[in-house]
Structure formats: structure tokens, C-alpha cells
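A short worksheet on the structure shown next.
What follows draws every value from the coordinates through simple rules; no lab data is involved. Note that the structure is a prediction, hence the values are computed from the model and not measured. Backbone-built Cβ (ideal geometry, glycine too); neighbour counts: all protein chains shown.
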Amino acid sequence: MVDYNPYEMIAYTGSMVLEDNTIVFVGTGLPIIAAMHAQRTHAPKLLMIYEAGSLAPILELGLPLSVGDTRAFTKACFVKGLCGVFELTQRGVADYAFIGGAQVDKYGNVNSTMLGQDYSKQETRFPGSGGAGAMAANCEKTIIIVPLERRRFVEKVDFITSVGYGDGSPDYREKAGVMGAGPYRVITHQALFGFDETTRRMNLLEIAPGLKPDDIQNKVGFELIVPKEVETMKEPTAEDLRLLREIDLEGYFLGRKINR
Amino acid sequence: MAERAWSKIKNISEVKPIERKFEWWGPSPEEARKNLVSKPKGLRDKGTSLKEAVKRYVRDGINLGIGGFVNTRIPVAAIHEIIRQGAKDLTLSFQSESLTAEWLAGAMILDENHVSIKRAEIAWWAYEVIGLAPMLRYLAKNGMIELDDYTNYGMAARFKAGAMGLPFIPTRDHGGTDMETTNRGTMIKCPFTGRNVYLVPACYPDVGIIHVQGADKYGNCRIFGPLCTCPEIASAAVNTIVTAEKILSEESIRQYPNLTEIPFPMTDAVVHQPFGGYPGAVYGFYWFDMKHIRMFREICEEFRKTGNKDKLEEYYNRYIFECETPDEFINKIPPEDRQEAIKSDGGQPVIL
């Protein structure tokens, strides 16, 4: 068995979730690494959108450190600004949003704005929506990365930054005035989650080898839907790891640790 | 008649909704138009020094629109000059910024009687790969800044509405999130489809500060790589200060008019400022100086954790207050770091 860290597992799983011949709107870090890995393996015709304004770049200078990085703009088919790419997205160009966040609830609502109840005195201020709120609203499917910890998989997020299925009601997104279908996958290093079609609640799709559904439920602060049969997550091969590490040569994103 | 509407957001999250009575955080559309109409429209030489430009347009209490995106093509030289001259009760407006906003916030923490931020209408404020923004965290936690959150598209669309002379623009985001329960936008029932659609108010800054690759003396600007929201900010702002890596000839502008991203009527001051976006990246010129960016963030983070301002003060004295001009700041950066930043751009193709 090959040795990989949680970030490598997340990036690899993200790659596996993406499909060929689609367009993914990527956030900084692991989403870009996942998309680059997918392009180099099973999805050579996967294309990326970067929110500062590029569509379908060829990343020949290496891994962009920012979604406005020069590296995200080399040999693109189309370069404008934020309005350019977000308007394409609002129109329906982006198949996937690939975002991160600090908290997620059972309906896939994501917080990346703040902790606390008082907006005018924010206990912990995070960066804010950035592109995520618009991506989760208007890309067709949203893929979310949140570290698998109880304080992050919560019954109620402190602030909804990126809309999921709201309170779970069937017309929540319609009443919110957003266009995309909504949350599709939540990726962690030990479990892959999806959403139940009728209740729109998070369900367990796959778990890492050697773990049981209870191990995952213990790290989640709300009740998960657990089907009778849960698949085992596919692990990266030595070749996948070589590729991933080659993509993040400087170790900016794959080197960090997750609190267990 | 459009009807006020709501999404179904209620008791889904912990944060308490806030009621804001709508007010413009800068000029109204009518004021912005009146101001533009009153300007002489002929081509005129707008070349000046940064010192003069900031002195002329930046005042206490203005809405300052900051160009660029995170640390890409950010108006570093203009921000440093504003900090040197001082400006109080600022409203900041931008989609995503990092160093520029942190520098202003740090100056406020050092001396509130010299620089202060009253409020910020924004989508994102942090350092991406390097981490959260220590100065924003400090101001937000202590209730020292009023915030108004939108998405990146929301802020870009708000500037675009300003650039179009509109009072608002409909978007397909914000609804169903706590931006709907806290920001100054509003949901309505669309008068045509009968479905909910979210309106965000236009944003007209008093002053826009933009760094570009090339501009002529009349203020026609060329931008390569990400446009960010610079064309929209320049057009929405009552006055726009442009710093440019290179000054172009009128002949060049007229030879390739399709390349003009900001037309001359939307700019008021043009400053030739090589390295004007450093230590941020400028496509075709230089990449990030991650070393300097990290150094400044670490100093801020140390202040946030300990409350000790010594290193912060030292940084501001050395890199901002003791520099008479932006060139002096650049000369304090080790030449090998600048060379590395130039090399890392990989010579991206620009037409200048």
C-alpha cells in the first residue's frame, strides 16, 4: 500500500469526481490540483474557469497560487475579468463549482464568512464569499471540500455564504433566485458524501479503507444518511501520488496537516 | 411594479439578521453622473505625480474603490501614497483584496488620526494560500469596521452597474444566504417572470485606484492578463487615478483601439510608475514576491496575537513613511527578489 496524506487523498478523490468534457470553476488550492490531476489522467478534455477572468488556460507555468495568478492565465482561450467569467457561469457554462469552506451543514450550505451570531462584531472573521457564493449559486453542480471534523460538519452553520439546499425544502433554491442544481459531493480524506435526492440531505457514499460508517458519523455533528452498502474510497496509486506531488512541486497545498 | 420578496432563509444559520436602511456609501448615480457631465471632455494631458494625484482627489470620508484582485495587479504605489498623506473615515469598496486592504487597516491600527476605515463593501479579504487577514480579523472582532458582504460577482456587478449609470443590477446569487439577511441588496419578484431575483445596489466610488500595464497621457488604458474589475471600477468612480508600468504613445493607442480597456473620459490622473503593483504580480512584468508578502503578514499576525505594535511600526516606517516616492520602496526590496519576480512571470505576451 502506498503512503499518502489527507490532502493527497482529497485531491485524488476530487479528481475522480470530475468528468471529461466538462468545465469546472475552480477555487484556489486543492480544487486546482484535483482538476490538473484529472486532466493528466482520466479527463484530458476537462477545462477550468478562474474567477479573475480566464477560461480554459493551459497551465504551463505550473500550479497557480491564486485564482488571479498569472499562472492561471497562460494560453487561455478567453481572458476578461470577473464579470466576463461569472456572467458565462450565470448563463450556464460551468458544470461544476469546486469550492472549500470552514463549515458545512447537512443540506450542503457552506460558511466561509464568519463565526459568531453578531455580524457587527464577528468572533472570527474568515475571508468572505469571494467567488464561492456565486459559484455555488450558478455552476450546475457544487463540489465542496471541508476537513472532516465535528466543529465543521455542523447542524447549523454560523453564516451561510454559499447556498446549498437551504432548509431542505424542494423550492429553496428556486425561491433563492439561483440557477444551479446545487450541492453534488462533499469531499474529505476519509469519506465521500453525496445528497439524497428526495430529502436533499447529506448521505455517505464512500469511506476510506479500514473505516466503518460509525467512524465517520462520529466526526459529523448531524445525522448522516447511511445506506446499507457503502463503497470503499479508491486510493491513489504510486503514479497518482507522483503526479500530484509534481503538480504541487512547492508543497503549498499538499503539505499541510488536518486536525484529527 | 416590482414587489419585495424573500427567499426561504430563516433560522437556518446562527447569525442574526440585521436591518439596514438603504443609503449610498458613496455618490448616488445622479451625483456621479453630474460630476462626469461637468468634466471637460477634450483629450488632455493627465500626466502627474502620484503625490499630486492623491493630494488632489483623496479626501477624508470618501469611498475608495481598489482595483486588482487579491494580490494581482493591485495599486500598491497609490495605497502607499494614501497612507503617507493620510485619509480618515474611508469606505473601501472592492471584490477581493489582500495587501492593499491590510496595509490600510494596519495604518489605522498604528494611528487612527492619520488613516481610518469606517466601513468596507466587499466580497473577500485575505491572503489565499498564505492564510486569513490578521488586520481584518482584528478590526472585525473589535467592531471597529462596518462590513457589507457580497459575492465576487456581486461586487463586480455592482461596479458594472455603476459603469452603466444604473442604480442597481439583478444577479442570480446572494439569495438564500446570509448575505441576503445582512447586506444592502434586496430580493424582488421579477416583474416579467414572477420569480425571485436578487438586486444589488450599484457601487460608485468617489475615487478609483487602478494599476495597469500601459496607458497614454490622456488616460486610455491597456490591460493584459486578468482584467479583474478594473474597467468597471474606473468607469464607476467619480475620479480615477491610474498608475502604469509603461506610458504609451497616442499613436499606439490609435493603432490598436480594440485593446483599450479603459477609455480616456473615465480617468483623471495618469502616473508612470514601474513596479507600481509590486510585491503583487503584474502579468507580463513580474510575479508575486511571496517573501515580502509573507513577511508583512507575519508581522500583522504577531500584532493580532500579542497586541505589540513595535514590528508593525518598524515595517511602516521603513517601507512606507520613510519613502518619499514609490521608487524608494522598490529600491528597498533586495534586487535578487525583484529579479526572481521578473523571471517568474515567464515573459507573458503583452502588446505595449
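Figures for the structure shown
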item	result
Residue among B:GLY165, B:GLY143, B:GLY176 that alone is in a loop (DSSP other than H, G, I, E, B), surrounded by fewer than 22 Cβ atoms within 10 Å (Cβ to Cβ) and within 10 Å of another protein chain (Cβ to nearest Cβ)	B:GLY143
Any hit, the stretch B:271-287, residues being aliphatic (A, V, I, L, M) and closer than 30 Å to B:LYS39 by Cα	yes
Some residue of the stretch A:39-53 being out of contact with any strand residue (DSSP E or B) (no Cβ under 8 Å at 6 or more places or on another chain), without any contact (Cβ under 8 Å) to a residue 60 or more places away in the chain and buried (at least 22 other Cβ atoms within 10 Å of the Cβ)	no
Sole exception among (1) closer than 24 Å to B:VAL238 by Cβ; (2) more than 9 Å from chain A (Cβ to nearest Cβ) for B:ALA156, by number	(2)
Qualifying positions in the stretch B:121-140 - at the interface with chain A (Cβ under 10 Å from one of its Cβ atoms) and either part of a strand (DSSP E or B) or closer than 19 Å to B:ARG184 by Cβ (or both)	B:ILE122, B:ALA123, B:TRP124, B:TRP125, B:ALA140
Only one of B:VAL15, B:VAL58, B:VAL54 that is buried (at least 21 other Cβ atoms within 10 Å of the Cβ), closer than 30 Å to B:LYS291 by Cα and in contact with a helix residue (DSSP H, G or I) (Cβ under 8 Å, 6 or more places away or on another chain)	B:VAL54
Subset of the stretch A:216-236 (residues that are within 29 Å of A:HIS37 (Cα to Cα) and more than 22 Å from the chain's Cα centre (by Cα))	A:GLU229
Pick from the stretch A:173-199, criterion aromatic (Phe, Trp, Tyr) and touching a residue at least 40 places away in the same chain (Cβ under 8 Å), ranking: nearest to A:ASP3 (Cα to Cα)	A:TYR184
Residue match in the stretch A:76-91 (condition: touching a Lys or Arg at 6+ places or on another chain (Cβ under 8 Å) and either under 26 Å from A:HIS189 (Cα atoms) or in contact (Cβ under 8 Å) with a residue 40 or more places away in the chain (or both))	yes
Qualifying residue in the stretch A:26-34 (condition: touching a Lys or Arg at 6+ places or on another chain (Cβ under 8 Å), facing chain B (nearest Cβ under 7 Å), of a type in the set (S, T, N, Q) and at negative phi)	no
Residue match in the stretch B:110-127 (condition: over 21 Å from B:ALA237 (Cβ atoms), crowded, with 24+ Cβ neighbours inside 10 Å and among the hydrophobic types (A, V, I, L, M, F, W, C))	yes
Scan of the stretch B:179-195 for residues that are among the hydrophobic types (A, V, I, L, M, F, W, C) and outside any strand (DSSP E or B), ordered by number	B:MET179, B:CYS190, B:PHE192
B:PRO231 within 13 Å of chain A (Cβ to nearest Cβ), within 14 Å of the chain's Cα centre (by Cα) and not in a loop (DSSP other than H, G, I, E, B)	yes
Filter result for B:VAL200 (under 28 Å from B:LYS10 (Cα atoms), touching a strand residue (DSSP E or B) at 6+ places or on another chain (Cβ under 9 Å), in a strand (DSSP E or B) and more than 9 Å from chain A (Cβ to nearest Cβ))	yes
Top-ranked residue of the stretch A:136-188 - restricted to ones that are among the polar types (S, T, N, Q) and part of a strand (DSSP E or B), ranked as nearest to B:LEU199 (Cα to Cα)	A:SER162
Per-region count, the stretch B:100-109, residues crowded, with 24+ Cβ neighbours inside 10 Å and either within 14 Å of chain A (Cβ to nearest Cβ) or not aliphatic (A, V, I, L, M) (or both)	5
Residue count, the stretch A:4-38 (criterion: among the acidic types (Asp, Glu), in contact (Cβ under 8 Å) with a residue 40 or more places away in the chain and more than 20 Å from A:VAL186 (Cβ to Cβ))	0
Residue count, the stretch B:249-274 (criterion: crowded, with 23+ Cβ neighbours inside 10 Å and part of a loop (DSSP other than H, G, I, E, B))	2
Leading residue by the ranking (surrounded by the fewest Cβ atoms within 10 Å (Cβ to Cβ)) among those in the stretch A:142-175 that are under 19 Å from A:GLY128 (Cα atoms) and small (Gly, Ala, Ser)	A:GLY166
Residue within the stretch A:190-212 that is surrounded by fewer than 16 Cβ atoms within 10 Å (Cβ to Cβ), among the acidic types (Asp, Glu), within 14 Å of chain B (Cβ to nearest Cβ) and on the phi < 0 side of the Ramachandran plot present	no
